[in-house]
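Data block below; observations after.
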C-alpha cells in the first residue's frame, strides 16, 4: 500500500498548525537582527491572500505602536509610488507572480529614486531573493500543505516582535489551545462570520480564508463595528459570529438576539487563530476533504505572462 493510500487527509496541515508555538519563538528571535525598517520610516507592506492579511495586521500594529506610517496593500493593487522609505514583501513561496512583478518594477528604478525592499519568505531558494535588498528567511516555518498556517503566523510573530510586543503569553496560550478539546457546535456550524478590531481585522480576514480554503465553507469577515451595518442580517440559529480581540460593547448581545452563536475567547488573537485552524481542519475531515490539497488551489499563484 502506498503512502498516499495510507495518508490521513490534512496530515501536513495538522503537523504544521501544531508546530506554531515553537516556530513563533524562533521567528520572534529574528526581530533583533534589525533587518526590518527602523522606527519613523514610512513603509508599505505587500502580499497576496494570507500574506496580505498578515500585512494588514502588521500595518495596524506598527502605526498604533507609534513606529511609523505603514500601509498594507494586495500586491496586485499596490500604490508604492508614494515616497515610501521601504517596502516589505511577505510571501511564503517566493514565486507569487504579482509580488515578483511589483518588486521587479521597483528594482528597475534608479537606486536614489526607489525604496529599500525587504522580503519575508518561507523558501529562500526562489526568484524573490534576487529582487530585494534584504531577505528575512523563515525556512523553518515553510510548509507542505497548500493551506497556510505556520508561515503566516510566524511572519506575524516576527513583525509583532519587531514593534516591541512580547509574544510569550501568546505562545503559552497557543499551547493551551492545542491541548484543549474541540467544540462540535463550532465545527458543524452552517456559516461563519469573523470580526476583528485594529490589528485583528487582518486576523479575522485570515480566519475566513482558512475556513473557506480548508473546508469549502461559507465565511465572511469584517471590522467588528461594521457587522451591524448589514452583515448581521445573516445571523441565525446554527451560524457563528467569531470575534478576535476585544469586541465592541453590545455586539455579543445583538448577535445572540439574532439567534446566532457569538464566539469570543479572551486570548491573544494569534492563539485564537490556532484554535480556528484546528476547527477548520476537523471540519474539512468531517466533510471528506483534504485541506492539504484544496479544490482549485495551488501552493503559489504563478500567472502566465502576456
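The values are calculated or read from the model by the stated rules, or taken from the named source; none is laboratory data. Predicted model, so just to flag it, every value in this text is computed and none were measured. Note that we place each Cβ from the backbone using ideal geometry, even for glycine, and neighbour counts take in every protein chain shown.
A compact table of results
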{"read-out": "Test for residue 99: is it closer than 26 Å to residue 277 by Cα and in contact with a strand residue (DSSP E or B) (Cβ under 6 Å, 6 or more places away or on another chain)", "value": "yes"}
{"read-out": "Check on residue 67, assigned to a loop (DSSP other than H, G, I, E, B) and either assigned by TED's automatic domain parsing to the domain that holds residue 140 or more than 15 Å from the chain's Cα centre (by Cα) (or both)", "value": "yes"}
{"read-out": "Search result, residues across the stretch 173-198 that are in a helix (DSSP H, G or I) and in contact (Cβ under 8 Å) with a residue 12 or more places away in the chain", "value": "173, 174, 175, 176, 177, 178, 185, 186, 187"}
{"read-out": "Among the candidates 6, 50, residue that is over 20 Å from residue 134 (Cβ atoms) and surrounded by fewer than 20 Cβ atoms within 10 Å (Cβ to Cβ)", "value": "6"}
{"read-out": "Those residues of the stretch 175-197 which are more than 16 Å from residue 251 (Cα to Cα) and within 19 Å of the chain's Cα centre (by Cα), in sequence order", "value": "175, 177, 178"}
{"read-out": "The listed residue being in a helix (DSSP H, G or I) and modelled with pLDDT under 95, out of 82, 112", "value": "112"}
{"read-out": "Every residue from the stretch 244-285 that is within 16 Å of residue 183 (Cα to Cα) and not in a helix (DSSP H, G or I)", "value": "260, 261, 262, 263, 264, 265"}
